[in-house]
1. Please work out the Cα convex hull volume for region 1-55 and give it in Å³ per residue.
2. Along each of its three principal axes, how wide is the spread of alpha-carbon positions in region 25-130, in whole angstrom units, largest first?
3. Given 0.36 nm per residue, what is the gain on full extension from H176 to S46 after removing their alpha carbon distance, in nm?
4. Could you please report the charge total around F129, scoring K, R as +1 and D, E as -1 over all other residues with beta-carbon less than 10 angstrom from its beta-carbon?
5. Can you tell me the order of 98-108, 59-69, 81-91 when each peptide is scored by its average per-residue count of other Cβ atoms within 10 angstrom, highest first?
6. What does the net charge come to around L154 if you take all other residues with beta carbon closer than 14 Å to its beta carbon, with K and R at +1 and D and E at -1?
7. Could you give the dipole magnitude of region 45-123 about its Cα centre, charging the beta-carbon of Lys and Arg +1 and that of Asp and Glu -1, in debye to the nearest 20?
8. Tell me the net charge near V112. Cut-off is 11 Å between Cβ atoms, V112 excluded, with +1 for each Lys or Arg and -1 for each Asp or Glu.
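Each value in this text was obtained by applying a stated rule to the coordinates, not by laboratory testing. Keep in mind that what you see is a predicted model, and the values were worked out from it rather than measured. Positions of Cβ are backbone-derived with ideal geometry, glycine not excepted, and every protein chain shown enters the neighbour counts.
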Amino acid sequence: MTTAPNLSRIHHVAYRCRDAAQTVEWYARVLGMAYVTAFAEDKVPSTGEYDPYMHVFLDAGGGNVLAFFELPNQPAMGRDPATPAWVQHIAFEVPDEAALLAAKAHIEAQGVEVLGPTYHGIFRSIYFFDPNGHRLELACNIGTPDQHAELKALAPQMLEEWSRTRRAPRQAAWLHQEPER
C-alpha cells in the first residue's frame, strides 16, 4: 500500500524561451520579477545527453518560481498547432481590481498589447503575450466564499456531465454573466 505524496507547493514551472537574457529583462521590466538563479550545462543532468542550455529562474512572488530554458541547439521553438493560442497560459494573481487596472496601464505603456479585463465570475483578468509567444494572465479574485463553495459543490456533477456529453454544463453559467456595475 502506498500513499500519494504530500505536496507543499509548485517548486517551479519551466517553459522554453528564445533568448534567456531578453526573457529575464522583459519579465523584470514588465512584471517586476527578480532574476534569482541560473543553471547552465552542456549535458542534461537527468538524461546525460549533450544539449547545451541556459536555465533561468525568476521570482514570481509568494514563493513561486517561473523558469525558462534557452536551447540553442534545438529547432526553433513553436506552439502546438492543434491547441488554440488562448488555452495554454500562465496566470499570476494581483491583489485587487485597482492593481489589475494599474498593471494593465503599466504593461500597455511597455508596448505590450493587453486584452481585458475579462469577467470570470469569481475573478477578473487581463491577457497578453511575452516575447516568446507564451500567453500570460493577471487575475484578481472577486468571488465570495459562498460562490467558491457553490462552485466546489458543482464541480463533480459538471465534470460528469461534460464527460458524458462533451457539451458545456450550465450549472455555473453565471460565471460569465457580468452583473451591472
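1. Numbers: hull volume 7.0 nm³, N = 55.
Roughly 128 Å³ of hull volume per residue.
2. 47, 34, 27
3. Values: separation 130, 0.36 × 130 = 46.80 nm, distance 4.36 nm.
Length difference between fully extended and current span is 42.4 nm.
4. Details: positive: R135; negative: E113, D130.
Combined, the nearby Lys, Arg, Asp and Glu give -1.
5. Details: 98-108: 15.4, 59-69: 17.1, 81-91: 10.3.
Sorting 98-108, 59-69, 81-91 by mean packing, highest first, produces 59-69, 98-108, 81-91.
6. On the way: positive: K152, R170; negative: D146, E150, E160, E161.
Summing Lys and Arg as +1 and Asp and Glu as -1 gives -2.
7. Numbers: 2 positive and 10 negative charges, 24 e Å.
That gives a dipole near 120 debye.
8. Working: positive: R29, K104; negative: E108, E113, D130.
Taking every Cβ under 11 Å from that of V112, the sum is -1.
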